[in-house]
Structure formats: structure tokens, C-alpha cells
Amino acid sequence: MKKTISISLDAEISELMDLVIGADQSQSDFISKAIRSYVKKELHLRDLKIINANTDELNAEALDALEYQK
């Protein structure tokens with residue numbers, strides 16, 4: 001489902017987008033893909049920070065689980 005929003009961009013950004021997307025894609029589709037890519041990257045980085053903050057605990061749990069396999 002699409003939702004219509006209104007944004008203002010510098011003319012330079014609009015022109016740069018046109019250089020990249022050509023006639024095959026709309027600016028709206030380009031912006032949607034760019035935002036989706038950015039959000040995916042940010043969520044991945046957030047997950048890595050959470051994992052890294054809990055590394056010691058996660059490693060201890062993994063070692064404990066390996067002990068049961070012996």
C-alpha cells in the first residue's frame with residue numbers, strides 16, 4: 001500500500017537523481033528504494049550494537065550449551 005507524502009528537495013538533488021535513474025524509474029520509486037536501503041542498514045547496525053553489547057553473555061550461553069553435548 002502506498003501513502004502519498006510531500007517533500008521538498010534542493011533542485012541539485014533532483015537533478016542528481018535524474019542522472020542516476022534515467023527514464024526507467026520515477027523519483028518517487030528511487031527515493032523509496034533509497035529509504036528502504038538506508039533503514040535496512042540502520043536496523044542491521046542497531047542489531048549488531050545489541051549483539052556486541054551482549055557478547056560475553058551470549059558466549060557464556062553458547063559454551064554452556066556445548067557442555068551438554070559432551
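Please report, as a whole percent, how much of the solvent-accessible surface of region 12-70 comes from carbon and sulfur atoms (probe radius 1.4 Å).
57 percent
Per residue of region 36-42, in order, report the coupling 6.51 cos²θ - 1.76 cosθ + 1.60 (Karplus, θ = phi - 60°) as ³J(HN,Hα) in whole Hz, putting x for Gly and Pro.
My calculation for region 36-42 gives 4, 4, 4, 5, 4, 4, 5 Hz in order.
Mind checking the angle between helix 11-21 and the chain's longest principal axis? C-alpha axes, 0 to 90 degrees, to the nearest 10.
Once rounded, one gets 70 degrees.
If you fit an axis through the alpha-carbon atoms of helix 55-68 and take the longest principal axis of the Cα set of the chain, what angle between them do you get, 0 to 90°, nearest 10?
On a 0 to 90 degree scale, this one is about 50.
Suppose every K and R has +1 on its Cβ and every D and E has -1 on its Cβ; what is the size of the dipole of the chain about the Cα centre, in Debye to the nearest 20?
280 debye
State the label only: which of [x] 1.24; [y] 1.34; [z] 1.04 corresponds to Rg/Rh (Cα atoms, Kirkwood Rh) computed from the shown model?
Calculated Rg/Rh (Cα atoms, Kirkwood Rh): the matching label is [y].
Using the heavy atoms of the protein chains alone and a 1.4 angstrom probe, what is the accessible area of the chain per residue in square angstrom?
That works out to 97 Å² per residue.
The values are calculated or read from the model by the stated rules, or taken from the named source; none is laboratory data. Remember, it's a predicted structure, so these values are computed and weren't measured experimentally. Note that each Cβ is placed from the backbone with ideal geometry, even for glycine, and that neighbours are counted across all protein chains shown. Heavy atoms of the whole protein, side chains included, go into the accessibility calculation; ligands, DNA and RNA do not. Shrake-Rupley method; radii C 1.70, N 1.55, O 1.52, S 1.80 Å.
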